[in-house]
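Below is one structure; the comments refer to it alone.
The values are calculated or read from the model by the stated rules, or taken from the named source; none is laboratory data. Worth saying up front: this structure is predicted, and the values here are computed from it rather than measured. Cβ placement follows ideal geometry from the backbone for every residue including glycine, while neighbour counts extend to all protein chains displayed.
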Amino acid sequence: MLVVVLEPIVRLACFGLALLVVLTIILVMALCAIAMANRMADRSASEWLKMALRGALNRDPVDALNDALALAGILENRLRVELDLDDPL
């Protein structure tokens with residue numbers, strides 16, 4: 001008898017939780033879009049950065065992040081050589 005009474009409540013709770021997850025994902029995506037739009041509108045951002053960001057938006061986000069991190073490492077190494085640095089930045 002208790003199971004019959006609780007079943008609709010459990011179903012409603014599961015639906016509510018699923019809806020909360022979906023809304024959270026939508027909110028995160030919207031915040032990311034706003035952050036990217038702000039960066040693209042930022043006059044201090046270089047055209048190179050804006051072009052790279054536009055290109056990255058059409059790629060798999062994991063691949064784009066991995067490439068960006070690899071590029072950052074390469075550029076950091078170049079800076080170390082140019083400035084004759086031994087310690088991490």
Worksheet item: So how many residues does segment 26-49 have that are surrounded by 10 or more Cβ atoms within 10 Å (Cβ to Cβ) and either at positive phi or in a helix (DSSP H, G or I) (or both)?
Response: 16
Discussion item. Tell me the residue from ALA33, ALA70 that is among the hydrophobic types (A, V, I, L, M, F, W, C) and over 12 Å from the mean Cα position of the chain (by Cα), please.
Written reply: ALA70
Practice prompt. Answer yes or no: is there a residue in segment 66-86 that is charged (D, E, K, R) and either in contact with a Gly (Cβ under 8 Å, 6 or more places away or on another chain) or on the phi > 0 side of the Ramachandran plot (or both).
Written response: yes
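Looking at LEU75, LEU12, which is the one that is at pLDDT below 85 and surrounded by 10 or more Cβ atoms within 10 Å (Cβ to Cβ)?
LEU12 is the lone residue from the list that is at pLDDT below 85 and surrounded by 10 or more Cβ atoms within 10 Å (Cβ to Cβ).
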Discussion item. I'd like to verify a number: residues in segment 50-89 that are outside any helix (DSSP H, G or I) and in contact (Cβ under 8 Å) with a residue 12 or more places away in the chain, how many?
Written reply: 2
